[in-house]
Amino acid sequence: PNTPGAISGATMPYYNWVGLTYAVTADNNADYYTWTTPGDVTITSGQGTNSITVTGGTAAGTYTVTATNQYGTSSPRTLNVAPAGTASLPYTVDFEGETGHNTSATYQGFGFATYAWSNVSNGSGDDIDWRADLSGTPSSNTGPSSGADGSDFYLYVEASSSCNPSKSAKLISTPLDLSSYNSVELSFKYHMYGSNMGSLSVEASTNGGS
């Protein structure tokens, strides 16, 4: 079979994060896919298929996948990963290092230049992506014209397409180690403007997102 295509998945996963997905495009010539992962990563489902779900670890390493059929095994495809370390407090972020993302409401797969911020892989309660933009969102009469305090970039969810209303987009922050604090505060600027506005919620996880 052909060498599998590029592996999609987080190259900077969080320590011990659950439900990470890594995948290659399925090939009709392949009967079986064999995955290997960094030593402290556990494959929870999908071994043998073109997509696996894993619980991440703490060490940098390489994901490898090969395709097999009755004639033999392909050359391997690899993806190097390096788990994101925790940020120290006080921590602030303004996303000014981003570049403008594709404005098509149906496009998915956005990544961020800002260290260790990420979209959740679509599925398991996440349907669409947050994205970075400046100078106003593409749909009329919605969204901000700039970031807070006169800055340029902001993150937003594009929901104008008929495929996006009533769907969810999950954005994960850089990991924060709060174990030495009795109390902490999270503050952020938000702009919820549109004729059919949804809801915004904040969750904190102490167990790898499960």
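The values are calculated or read from the model by the stated rules, or taken from the named source; none is laboratory data. Everything numeric in this text was worked out from a predicted model, so none of it was measured. Neighbour counts run over all protein chains shown; Cβ positions are idealised from the backbone, glycine included. Each accessible area value is taken on the protein alone, full model and side chains, heavy atoms only, with ligands, DNA and RNA left out. Shrake-Rupley method; radii C 1.70, N 1.55, O 1.52, S 1.80 Å.
With kT/(6 pi eta Rh) evaluated at 37 °C and eta = 0.692 mPa s, and Rh the Kirkwood radius from Cα pairs, the stretch 66-170 diffuses with a coefficient of 200 µm²/s according to Stokes-Einstein. DSSP finds beta bridges in the chain, and of those with both partners inside it, around 95 percent are antiparallel. Give me the log10 of I(q) over I(0) for the stretch 1-65 at q = 0.15, 0.25 Å⁻¹, as the Debye formula computes it from C-alpha points; what are the numbers? One equal scatterer on each Cα of the stretch 1-65 leads to -0.42, -1.08.
The equivalent ellipsoid of the chain has semi-axes of 34, 23, 14 Å, largest first, where each one is the square root of 5 times an eigenvalue of the Cα gyration tensor. Shape analysis of the stretch 79-137 based on the Cα gyration tensor places the equivalent ellipsoid semi-axes at 22, 18, 11 Å, largest first. Seen from Trp130, the other residues with C-beta closer than 14 Å to its C-beta sum to a net charge of -3, counting Lys and Arg as +1 and Asp and Glu as -1.
Considering only alpha-carbon pairs that sit under 8 angstrom and 6 or more positions apart, the relative contact order computed for the chain is 19 percent. The average projected area of the stretch 1-120, computed from the convex hull of its Cα atoms over all directions, is 9.0 nm².
What is the sum of charges around Leu200, taking Lys and Arg as +1, Asp and Glu as -1, for the other residues whose C-beta is under 13 Å from the C-beta of Leu200?
Values: positive: Lys170, Lys189; negative: Glu203.
That works out to +1.
Expressed as a whole percentage, what fraction of the accessible surface of the chain belongs to carbon and sulfur atoms when a 1.4 Å probe is rolled over the protein heavy atoms? Here carbon and sulfur together make up 47 percent of the probe-accessible area.
Leaving ligands and nucleic acids out of the surface, order His191, His101 by accessible area at 1.4 Å, largest first.
Putting His191, His101 in descending order of accessible area: His191, His101.
In order along the stretch 144-156, the phi-based Karplus estimate (6.51 cos²θ - 1.76 cosθ + 1.60, θ = phi - 60°) of 3J(HN,Hα) comes to x, 8, 7, x, 5, 6, x, 6, 8, 7, 8, 9, 8 Hz; Gly and Pro are listed as x.
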